[in-house]
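Structure first, commentary second.
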Amino acid sequence: MTKTTGRLSGGPLAAASCAIIGLAACGGGTVSDPPLTGTQHLAFAYFQRCVNPVFLKKLAITLNGVTTTNTCGAAGCHDNASGTGGAFRIIPTAQTIDLTNPANTPDVIRATDMYKNFISAQGETVIGSPGQSLLIRKPLLQNVLHGGGLIFASDQDPNIKLFQYWIGNPAPEGQDEFSTATYSMFTPADPNLGACNS
């Protein structure tokens with residue numbers, strides 16, 4: 001398994017980690033999305049408006065046959081301060097950034113909590129390959145252990161559709177995560193007012 005973020009590679013460490021954890025998905029399973037070549041970035045604007053809110057929604061969670069309600073960014077889950085959900089961390093109090101304000105340069109945005117959420121979530125993806133991304137596979141329990149249990153009943157869940165669209169539609173080759181070309185992911189193409197395409 002290759003992650004575009006460089007955290008996992010197909011080497012012995014990845015194989016050993018998979019064997020230890022017992023994840024059947026590391027060497028098998030059906031994956032239909034081929035990874036992109038080159039260096040592409042996921043869209044920050046779409047993440048902020050469409051993906052990050054999913055982490056703060058009250059969702060039904062089924063664990064060991066018991067269904068409760070919680071958020072992904074809650075304490076005990078993926079909260080940055082007290083979460084137990086591995087490397088994926090969310091700062092629930094991250095503020096939305098006005099991307100149309102010229103004062104919000106890439107350097108300013110990269111210092112924000114929202115950007116930290118973006119980087120953490122992106123670390124759970126294979127850019128361009130939603131079907132290989134842990135951000136999707138774990139909450140669906142698709143041959144991957146998720147200590148938080150089943151979060152979404154199927155890949156047709158509207159929240160999963162947002163994740164799939166974000167991961168499957170990176171910025172054009174050679175453009176960064178702030179590219180205005182990614183504004184086409186909204187209808188109309190406005191990162192502040194547009195509806196999230198999925």
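The values are calculated or read from the model by the stated rules, or taken from the named source; none is laboratory data. The structure presented is a predicted model; accordingly, all values stated were derived computationally and were not measured. Note: ideal-geometry Cβ built from the backbone for every residue, glycine included; neighbour counts use all protein chains shown. Side chains included, ligands, DNA and RNA excluded: accessible areas come from the protein's heavy atoms. Shrake-Rupley method; radii C 1.70, N 1.55, O 1.52, S 1.80 Å.
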Notebook entry, point to check: Quick one: which of Pro130, Pro158 is in contact with a Phe, Trp or Tyr (Cβ under 8 Å, 6 or more places away or on another chain) and either under 24 Å from Thr68 (Cβ atoms) or at pLDDT 95 or above (or both)?
Noted result: Pro130
Checklist line | Matching option when the condition is open to solvent by 50 Å² or more (accessible area, probe 1.4 Å), farther than 28 Å from Asn104 by Cα and small (Gly, Ala, Ser), among Ala189, Ala153 | finding: Ala153
Next item on the list: Would you mention how many residues in segment 119-145 are touching a Pro at 6+ places or on another chain (Cβ under 6 Å) and either of a type in the set (D, E, K, R) or not in a loop (DSSP other than H, G, I, E, B) (or both)?
Entry: 1
Check: So how many residues does segment 66-97 have that are out of contact with any His (no Cβ under 7 Å at 6 or more places or on another chain) and not in a loop (DSSP other than H, G, I, E, B)?
Finding: 6
Note to self: Quick check on segment 173-186: of everything there that is open to solvent by 50 Å² or more (accessible area, probe 1.4 Å) and either in a strand (DSSP E or B) or out of contact with any Phe, Trp or Tyr (no Cβ under 9 Å at 6 or more places or on another chain) (or both), which residue is nearest to Gly128 (Cα to Cα)?
What the structure shows: Glu173
